[in-house]
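A.B. asks: One structure, as structure tokens, below. Some questions next.
The values are calculated or read from the model by the stated rules, or taken from the named source; none is laboratory data. Quick caveat: nothing in here was measured; it's all calculated off a predicted structure. Note that each Cβ is placed from the backbone with ideal geometry, even for glycine, and that neighbours are counted across all protein chains shown. Heads up: the accessible areas ignore ligands, DNA and RNA and are worked out on the full protein's heavy atoms, side chains in. Shrake-Rupley method; radii C 1.70, N 1.55, O 1.52, S 1.80 Å.
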Amino acid sequence: MNDIASSLEQEFTMHAQADRDAYIAELKRLEAAGRGSVEITPHSVGLPVLFGGAGAAVLYGALSSRHLTTMEVLLFSLLGLALLSSLWMMFGPRKPCYTLCEEGIRVRGGDLTPWDSISDWRVNETRYSFLPISVALVLNYAAGFTPPPLKRPFSVGVTRHNRKTGEYVTDLTLYTGPKGMSVAQLTERINDCHMAAQARAELARLG
């Protein structure tokens, strides 16, 4: 009987160790997938084309018309400004709106938001027919956490505070989407970083 009990105990210990090793191996895989940092920059063509096309079309109509009212002159001037702005957005210097890094999300003009302070997140895409209008990263925070303020005028989002629940939600918006990656790739990268942070914390707990 003692031999049987000893054998069963040894077998259980071996299975438990094997499960632990497999669990740790999976945690290490998740942690490795979220290493490094990725700068998320807005698309350099979509939005300028949208504004520039509208501005060019209306300016053409204005120049071909002989009689203009004061309101029409003002409107055409604003659309002309939109056309010039679109050229600047296409060929001017571009900075990342936010950076996905191992420690958290760093918004341009703001401080780091740690991954462990984010309880949930989602990516919302807005499209008009085949044309992407915006891609927003929505962040929900852990209870009791106050996100760092988004500094103006360099921030690319807005933080809302529900006074009844005390919860904060931040929207980080990229107009016409991220440059160099699809919405699916952006979502996958955010998921990798978030899961890696959780895996890193669990590995530290296990020692």
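A.B. asks: Please go through the stretch 28-43 and give me each residue that is open to solvent by 30 Å² or more (accessible area, probe 1.4 Å) and either in a loop (DSSP other than H, G, I, E, B) or under 17 Å from LEU112 (Cβ atoms) (or both), ordered by number. Talk me through it step by step, then tell me what you get.
C.D. replies: Residues of the stretch 28-43 open to solvent by 30 Å² or more (accessible area, probe 1.4 Å): 28-30, 32-33, 35-39, 43.
Selection gives ARG35, GLY36, SER37, VAL38, GLU39, HIS43.
A.B. asks: Then there is this: Go over the candidates GLY144, GLY110 one by one and state the one that is at positive phi and at pLDDT below 95.
C.D. replies: On the way: GLY110 fails: at positive phi.
Result of the check over GLY144, GLY110: GLY144.
A.B. asks: Can you find a residue that is outside any strand (DSSP E or B), of a type outside the set (S, T, N, Q) and more than 19 Å from the chain's Cα centre (by Cα) anywhere in the stretch 151-165? Show your work before the answer.
C.D. replies: From the stretch 151-165, those outside any strand (DSSP E or B) are 151-156, 162-165; that's our starting set.
If we keep only those that are of a type outside the set (S, T, N, Q) too, we end up with 151-154, 156, 163-164.
Now restrict to residues that are more than 19 Å from the chain's Cα centre (by Cα): 163-164.
Looking for residues that are outside any strand (DSSP E or B), of a type outside the set (S, T, N, Q) and more than 19 Å from the chain's Cα centre (by Cα), one finds at least one in the stretch 151-165, hence yes.
A.B. asks: Only residues in the stretch 100-119 that are within 12 Å of PRO147 (Cα to Cα) count as the first member; pair them with residues that are assigned to a loop (DSSP other than H, G, I, E, B) and among the hydroxyl-bearing types (Ser, Thr, Tyr), Cβ under 7 angstrom, at least 6 apart or cross-chain, and list the lot.
C.D. replies: VAL107/SER155; GLY110/SER155
A.B. asks: Restricting to the stretch 127-139, count the residues that are assigned to a strand (DSSP E or B) and loosely packed, with under 14 Cβ neighbours inside 10 Å. Can you show your working first?
C.D. replies: First, the residues of the stretch 127-139 that are assigned to a strand (DSSP E or B): 127-128, 131-139.
Of the ones still in play, those that are also loosely packed, with under 14 Cβ neighbours inside 10 Å are 127-128, 131.
Count: 3.
A.B. asks: Next up: Restrict the check to the stretch 143-159 and report whether at least one residue is open to solvent by less than 70 Å² (accessible area, probe 1.4 Å), among the aliphatic types (A, V, I, L, M) and within 27 Å of LEU30 (Cβ to Cβ).
C.D. replies: Of the stretch 143-159, the ones open to solvent by less than 70 Å² (accessible area, probe 1.4 Å) are 145, 147-148, 150, 155-159.
Going one step further and asking which of them are among the aliphatic types (A, V, I, L, M), we end up with 150, 156, 158.
If we keep only those that are within 27 Å of LEU30 (Cβ to Cβ) as well, we get none.
Within the stretch 143-159, none of the residues are open to solvent by less than 70 Å² (accessible area, probe 1.4 Å), among the aliphatic types (A, V, I, L, M) and within 27 Å of LEU30 (Cβ to Cβ).
A.B. asks: Report every pair of residues separated by at least 6 positions or lying on different chains whose Cβ atoms are under 9 Å apart, first residue within the stretch 154-180 and basic (Lys, Arg), second assigned to a strand (DSSP E or B).
C.D. replies: ARG160/TYR168; ARG160/VAL169; ARG160/THR170; ARG160/ASP171; LYS179/ILE40; LYS179/PRO42
A.B. asks: Related question: Test each condition in (1) surrounded by 13 or more Cβ atoms within 10 Å (Cβ to Cβ); (2) modelled with pLDDT of 65 or more; (3) small (Gly, Ala, Ser) for ALA22 and report the one that comes out false.
C.D. replies: (1)
A.B. asks: Still on this structure, please answer the following. Give me the residue from the stretch 187-205 that is touching a Leu at 6+ places or on another chain (Cβ under 8 Å) and either among the hydrophobic types (A, V, I, L, M, F, W, C) or more than 15 Å from SER37 (Cβ to Cβ) (or both) and, out of that set, most open to solvent (accessible area, probe 1.4 Å).
C.D. replies: GLN198
A.B. asks: Which number in (1) closer than 17 Å to ALA33 by Cβ; (2) open to solvent by 60 Å² or more (accessible area, probe 1.4 Å); (3) assigned to a strand (DSSP E or B) marks the one condition that GLU102 misses?
C.D. replies: Condition not satisfied by GLU102: (3).
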